[in-house]
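First the structure, in the form of structure tokens, and then the observations on it.
What follows is calculated from the coordinates using simple rules that are stated; it is not laboratory data. Just so you know, these numbers come straight off a predicted model, no measurement behind them. A quick note on method: Cβ atoms are made from the backbone with ideal geometry, for glycine too, and the neighbour counts reach across all protein chains shown.
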Amino acid sequence: MMDSGLRDALVGHLHPMLQAHIPDCVVVYDNAPFDWHHPPQRFMTIEIEPFAAHPLGCAAHPKTRLRGYVYVTTYAPLGEGTAWAMRTLTWLASQMQYQSWSPVQLETVQPVRLRAATGFDTRGFKCAFYGDV
């Protein structure tokens, strides 16, 4: 289960940073409402997925370390090339990798294999994170 404070911290850093750097790009977080039948020409999805949790210490009520990934995917029309996607992903990866966004610690950015999206070239990465709750 995802702690809402960790998710809020991630989105709270990502959203203003993306709005400042690429204000014309629509960003869809997790499963937010979005018209997949009439998408904009270029857009990005960001999904925050926990994958593990373990206690920190042996106390009666220890803190829990939650680990997960932030998945970032860009969508651009087929035939447009990959320059926009690669430039955007390279910049965002440099802003995320090994950062400390209290209470979240971001770790390594890794490329991901993506499923095809009709009419779109998709590119992306995942960035590991952890936070103590």
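At a glance:
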{"read-out": "Identity of the residue in segment 46-92, without any contact (Cβ under 8 Å) to a residue 40 or more places away in the chain and of a type in the set (Val, Ile, Thr), that ends up surrounded by the fewest Cβ atoms within 10 Å (Cβ to Cβ)", "value": "THR90"}
{"read-out": "Search result, residues across segment 30-51 that are farther than 20 Å from GLN99 by Cα and assigned to a strand (DSSP E or B)", "value": "PHE43, MET44, THR45"}
{"read-out": "Selection count, segment 1-29, where residues are part of a helix (DSSP H, G or I), touching a strand residue (DSSP E or B) at 6+ places or on another chain (Cβ under 8 Å) and of a type in the set (A, V, I, L, M)", "value": "6"}
{"read-out": "Answer residue from segment 96-111, given it is buried (at least 18 other Cβ atoms within 10 Å of the Cβ) and in contact (Cβ under 8 Å) with a residue 24 or more places away in the chain and is nearest to GLY12 (Cα to Cα) among those", "value": "VAL104"}
{"read-out": "Options LEU114, LEU18, LEU10; residue that is surrounded by fewer than 17 Cβ atoms within 10 Å (Cβ to Cβ), under 17 Å from the mean Cα position of the chain (by Cα) and touching a residue at least 40 places away in the same chain (Cβ under 8 Å)", "value": "LEU114"}
{"read-out": "Complete set of residues in segment 66-122 that are farther than 19 Å from PHE51 by Cα and among the β-branched types (Val, Ile, Thr)", "value": "THR74, THR82, THR88, THR90, THR118, THR122"}
